[in-house]
Amino acid sequence: MNRFIIEGGNRLHGELRIPGAKNAVLPILAATILNRGTSIIKNCPNLEDVKTMQEILSSLGLEVQRDNQSIIVCGKNLSANAIPESLAGKMRSSIVLMGAVLGRIGEIYISYPGGCAIGPRPIDMHLSSLRKMGAEIDDLYKGILHCKVKRFQGTEILLDYPSVGATENIMLAACLADGETIIRNAAKEPEIVDLQNFLQELGVEIYGAGTGVIHINGRREIEKDITYSVIPDRIVAGTYMACVAATGGELVLTGIDYEPVSSIAYLLRNCGVSIERLNSKNMRIKSDLNLKAIEVIRTSPYPGFPTDMQPQFVSVLSKASGTSVVIETVFENRYGYVEQLMRMGADITVRERVAVIKGVKRLTGAFLDASDLRGGAALTIAALSAEGTSIINNVMHIDRGYEAFEKSLSMVGAKIKRE
Ligand code: UD1
């Protein structure tokens, strides 16, 4: 079991380049299934979930190779239709394989997806949408789904909620469908736009991503050799922004557009952090540690404040002067890490989806357990800003979303090592 040992109280200074986005690369890798040609995907972060997706593609018979930051998928032979349970159960994104595999070969066996323990995370919208497009889905024994379709039929789908995964699944299913599919109340996240851009490169007629309505005109077949570079990770960028807010210091983040992190920047400014746009891809974050509470923060789908930044913000606010209120509207159970912050001296009360954070003067180092990805990042932020030494166990959760986290943080002055 890997753990981080962190000596808190060091300001961060320097420059960090933001790697490719996990939540963009996973659906794009799933989309390579649709392509009989060769897809070269650049800027792929080296993360556990990405490795799992590579293994899934290989298990389906595709030829997959990694070459530094690129993943090359040759889509000629798709010889299997069962996703090994041991792989699908590791991450939430495995569910988007349904749309792609069914679209290409008409049958899939897949277990319910895994991922972070942050609420029930049902897949009802995925299933009802694919059924509306013509799929027959049976829940076999032990949570294995068996799905079949002759060819998806283009149709109009109104989502009850702008689910990121359901939007991606329908987009993938629609690429090889008969006729036009229209998704209304679609998710608007930048990762959805990235998936659209990739599909357009493949020659799919698709438009509207980034708005609430996406149109896709299905094709008979896709066979194209393409090279595509994945967008940078806005949540990794936001996490480094939160790190410097909490520790004090000055960081320049490179390779990241401002727009996808604008809600994070807006709230950090309200907290008293300075954020300066240096040019279209670089920004400087400065914190003198005079942090102020924020009256209310509510998580919501993009372009609102992302739920994936909620834990990191609670860490920052735990040392801000005054009382902040955070309302989690996306997931039901995303405060698992709070108990750990309280061990460090944070004053936080959680009732259902609401956390009330009374800022304290200092946090102190403690023995901690990371129980999920962003919660683990939040504990790292708290430990970096605390007095004394902290040990964070179970950092494999953090490894699912942050490439070489401790190395990047060490490069900019943090005292953090892995054991
Ligand atoms: C994606 C992101 C995750 C992020 C989340 C919200 C990936 C791999 N993960 O997750 O990091 O936190 O978006 O921005 O991209 N829901 C249902 N039924 C469904 C589908 C979803 O009730 O069929 C609910 C979920 O339980 C949750 C909400 O809708 O409460 C949002 O989920 P969704 O947008 O689908 O998130 P994911 O795609 O799982």
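The values are calculated or read from the model by the stated rules, or taken from the named source; none is laboratory data. As the structure is a prediction and not an experimental result, all values here were calculated from the model. Cβ coordinates were reconstructed from backbone atoms using ideal geometry, including for glycine residues, and neighbour counts include every protein chain displayed. Surface accessibility is based on the protein's heavy atoms, side chains included, excluding ligands, DNA and RNA. Shrake-Rupley method; radii C 1.70, N 1.55, O 1.52, S 1.80 Å.
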Could you pull out every one of the helices (runs of 4 or more DSSP H) wholly within segment 1-98 that has 2 or more residues that are away from the ligand (no atom under 16 Å from the Cβ) and under 23 Å from Glu403 (Cβ atoms)?
-> 48-59
Residues Ile206, Ile222: which one is outside the structural domain of Ile123 (by TED's automatic domain parsing) and away from the ligand (no atom under 16 Å from the Cβ)?
-> Ile222
Only one of Ala237, Ala187 is small (Gly, Ala, Ser), outside the structural domain of Ile285 (by TED's automatic domain parsing), in contact (Cβ under 8 Å) with a residue 24 or more places away in the chain and open to solvent by less than 30 Å² (accessible area, probe 1.4 Å); which?
-> Ala187
If a residue has to be within 18 Å of Ile28 (Cβ to Cβ) and not in a helix (DSSP H, G or I) to count, how many in segment 164-182 make the cut?
-> 1
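Any residue at all in segment 39-47 that's open to solvent by less than 40 Å² (accessible area, probe 1.4 Å) and of a type in the set (Gly, Ala, Ser)?
yes
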Considering segment 51-61 alone, what residues qualify as being out of contact with any helix residue (DSSP H, G or I) (no Cβ under 6 Å at 6 or more places or on another chain) and open to solvent by less than 10 Å² (accessible area, probe 1.4 Å)?
-> Leu57, Leu60
State whether the residues of segment 34-45 include one that is touching a residue at least 24 places away in the same chain (Cβ under 8 Å), over 28 Å from Asp257 (Cα atoms) and under 25 Å from the mean Cα position of the chain (by Cα).
-> yes
Kindly provide the set of residues from segment 183-200 that are in a helix (DSSP H, G or I) and among the acidic types (Asp, Glu), ordered by number.
-> Glu191, Asp194
State all residues of segment 99-117 that are modelled with pLDDT of 85 or more and in a loop (DSSP other than H, G, I, E, B); if no residue qualifies, say none.
-> Gly106
Count of segment 162-197 residues which are among the small types (Gly, Ala, Ser), touching a Ser or Thr at 6+ places or on another chain (Cβ under 7 Å) and more than 15 Å from the ligand (Cβ to nearest atom) | 1
When the residues of segment 252-269 are filtered to those that are hydrophobic (A, V, I, L, M, F, W, C) and either crowded, with 24+ Cβ neighbours inside 10 Å or without any contact (Cβ under 8 Å) to a residue 60 or more places away in the chain (or both), which remaining residue is nearest to Ile6 (Cα to Cα)?
-> Leu253
Return the pairs, sorted by first residue and then second, in which the second residue is at pLDDT below 95 and among the charged types (D, E, K, R), the first residue lies in segment 275-286 and is part of a loop (DSSP other than H, G, I, E, B), the beta carbons are less than 8 Å apart, and the residues are 6+ apart or on different chains.
-> Ser280/Asp257; Lys281/Asp257
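Within the bounds of segment 215-233, is there any residue that is free of Cβ contacts under 8 Å to residues at least 60 places away in the same chain and closer than 17 Å to Ile157 by Cβ? Reasoning before the result, please.
The first filter runs over segment 215-233 and keeps only residues free of Cβ contacts under 8 Å to residues at least 60 places away in the same chain, leaving 215, 219-220.
Adding the requirement that they be closer than 17 Å to Ile157 by Cβ leaves 215.
Yes, segment 215-233 contains a residue that is free of Cβ contacts under 8 Å to residues at least 60 places away in the same chain and closer than 17 Å to Ile157 by Cβ.
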Wholly inside segment 302-407, strands (runs of 3 or more DSSP E) that include 2 or more residues that are open to solvent by less than 50 Å² (accessible area, probe 1.4 Å) and of a type outside the set (Val, Ile, Thr) are 389-393
Those residues that are modelled with pLDDT of 95 or more, out of contact with any Gly (no Cβ under 9 Å at 6 or more places or on another chain), open to solvent by 20 Å² or more (accessible area, probe 1.4 Å) and assigned to a strand (DSSP E or B), I need them from segment 118-163; list them, please.
-> Glu136, Glu156, Leu158
Could you say whether any residue in segment 111-132 is away from the ligand (no atom under 16 Å from the Cβ) and in the same structural domain as Thr32 (by TED's automatic domain parsing)?
-> no
